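The values are calculated or read from the model by the stated rules, or taken from the named source; none is laboratory data. Predicted, not measured: the structure shown is a model, and the values here were computed from it. Methodologically, a virtual Cβ is constructed for each residue, glycine included, from the backbone with ideal geometry; neighbour enumeration extends over all protein chains shown.
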Amino acid sequence: SLSDRLTATFKNLRGRGRLSEADIDATVREIRRALLDADVAVPVVREFTAAVRERALSAEVSGALNPAQQVVKIVNDELVAILGGQTRALQFAKTPPTVIMLAGLQGAGKTTLAGKLALALREQGHTPLLVAADLQRPNAVTQLSVVAERAGVPVFAPHPGNQGAETEVVIGDPVGVARDGVAEARAKQHDVVIVDTAGRLGVDQVLMKQAADIRDAVQPDEVLFVIDAMIGQDAVATAKAFEEGVDFTGVVLSKLDGDARGGAALSVATITGRPIMFASTGEKLTDFEVFHPDRMASRILDMGDVLTLIEQAEKAFDAEQAEKMAAKVSAGEDFSLSDFLVQMQQMKKLGSMKKMLGMLPGMAQMRDQLENFDEREVDRVQALIQSMTPAERENPKIINGSRRARIARGSGQTTTAVNQLLERFTQAQKMMRQMSKGGGMPGMPGGVP
Ligand code: GDP
Ligand code: MG
């Protein structure tokens, strides 16, 4: 995966003040590869990697993250920003009905989406009407009727007698049906109308003209461009054609349940600047969700929940303390009991991340450590360390038998507890010395019971 490759790229880089240009270029190559693997369009990849390179060059090295994580975070932040940052909700008309028109190639998932959207809206208390303005394919009206029935909403369609031809011919008047459908919604007080339209396998002018005519006839509040996530490199041309031909206010990415890594999302968002609003994730009407830019970013990068983990680690770990400790360790200074206490407190914060740690390559061991981590232990350790003199904290070697007894009394614990703490501390100190020679994650020491 990308995170493995980046970790390998940065294996020998630790504790530097800034990422070097050569390091960044090596990273950018990996990112380019990951984006192309995810089927992001080539010009979009170029633009994106240039932006990442620029940001990485000026980034300060964070105390909480290693260089690989840091670049991953920059890449992720950029991706999330382009994919829309916060997701946008549907805009409802001030005066109902809100008209939502669907556009996209044949097979993109428009009709299925009409049902999904209708069901979701109905569950939110709306009263949607579906309008069958796809009169291109013989079965289109029937298909929408089936979907409407499943969603429990009515459908407005031309009379069944109007269709049934086996060849692909224009039956009836889709623009008229769309217009009548909206009028029907207004008359019957449906607060939302979803207009399903026809699509062709490829972009063509007749289709585009029809879609534009429907748009002009119904004046939609939202035009949702539905695009198959598997479309790959064709995403750019298709999105551009629909942007010029009909224009759209939002994007729906369909078939995200498949293998597609979702590069189309980045391509469409970059090229059109329109928000991706929903994701379709299966054939069932409930396989539908609000689009999450952050999830899509990690999918494109193929990193599972690594990014979430990194973010939480960064939040949990006080950067300043991490830097101090890193400086100490790299200066070969000894790791004190006060440092040990700080580490344990950090571990307590990380406790909530147990599950995710298992997803990080090489972090399974750490997960097991956290599994056995007793949060109350931090309080006991804190009491013990606070019962020590500053000299004892800095140099535990001086803690002899009588000091141990005094610390035990002061903390309300037994001398055995003091002994155990000092043993664990010695182990942690050893680990910190190893880490300072390389390997391991900064800020995630082994100071765990
Ligand atoms: P339209 O031509 O744009 O109206 O596309 P349809 O809604 O008819 O969908 C085309 C095919 O894709 C149908 O077989 C749908 O069941 C299927 N489909 C639509 N959305 C999804 C999805 O999110 N995931 C999967 N796996 N299949 C989908
Ligand atoms: Mg359809």
Restrict the check to region 215-223 and report whether at least one residue is more than 14 Å from ligand 1 (Cβ to nearest atom), part of a loop (DSSP other than H, G, I, E, B) and crowded, with 23+ Cβ neighbours inside 10 Å. yes
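Starting from residues that are of a type in the set (Asp, Glu) and touching a residue at least 24 places away in the same chain (Cβ under 8 Å), keep the ones in region 220-237 and report whichever is nearest to residue 43 (Cα to Cα).
Among residues in region 220-237 that are of a type in the set (Asp, Glu) and touching a residue at least 24 places away in the same chain (Cβ under 8 Å), the one nearest to residue 43 (Cα to Cα) is 228.
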Matching residues in region 116-143 - criterion: being over 32 Å from the mean Cα position of the chain (by Cα) and within 12 Å of ligand 1 (Cβ to nearest atom): 132, 133, 134, 136, 137, 139, 140, 141, 142, 143
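Inside region 280-298, can you point out the residues that are within 15 Å of ligand 1 (Cβ to nearest atom) and in contact (Cβ under 8 Å) with a residue 60 or more places away in the chain? Explain how you work it out, then say what you get.
Start the filter on region 280-298 by keeping residues that are within 15 Å of ligand 1 (Cβ to nearest atom), which leaves 280-291, 296.
Result: 280, 283, 285, 286, 287, 288, 290, 291, 296.
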If a residue counts only when it is without any contact (Cβ under 8 Å) to a residue 40 or more places away in the chain and of a type in the set (Gly, Ala, Ser), which helices (runs of 4 or more DSSP H) contained entirely in region 26-134 have at least 2 such residues? 42-58
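Hey, among the residues in region 166-182 that are surrounded by 14 or more Cβ atoms within 10 Å (Cβ to Cβ) and of a type in the set (A, V, I, L, M), which one's modelled with the lowest pLDDT?
Here is the first cut: in region 166-182, the residues surrounded by 14 or more Cβ atoms within 10 Å (Cβ to Cβ) are 171-182.
Of the ones still in play, those that are also of a type in the set (A, V, I, L, M) are 171, 175, 177-178, 182.
Details: 171: 57, 175: 95, 177: 94, 178: 96, 182: 97.
Among those residues, the one meeting the criterion is 171.
Within region 201-210, does at least one residue satisfy the condition of being over 35 Å from the mean Cα position of the chain (by Cα) and either under 22 Å from residue 95 (Cα atoms) or surrounded by 16 or more Cβ atoms within 10 Å (Cβ to Cβ) (or both)? Give the steps one after another, and end with the answer.
From region 201-210, those over 35 Å from the mean Cα position of the chain (by Cα) are 205-206, 209-210; that's our starting set.
This time we only want the ones that are either under 22 Å from residue 95 (Cα atoms) or surrounded by 16 or more Cβ atoms within 10 Å (Cβ to Cβ) (or both), so: 210.
Yes, region 201-210 contains a residue that is over 35 Å from the mean Cα position of the chain (by Cα) and either under 22 Å from residue 95 (Cα atoms) or surrounded by 16 or more Cβ atoms within 10 Å (Cβ to Cβ) (or both).
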Considering only residues that are closer than 21 Å to residue 201 by Cα and of a type in the set (Val, Ile, Thr), look in region 91-137 and name the one that is nearest to ligand 2 (Cβ to nearest atom). 111
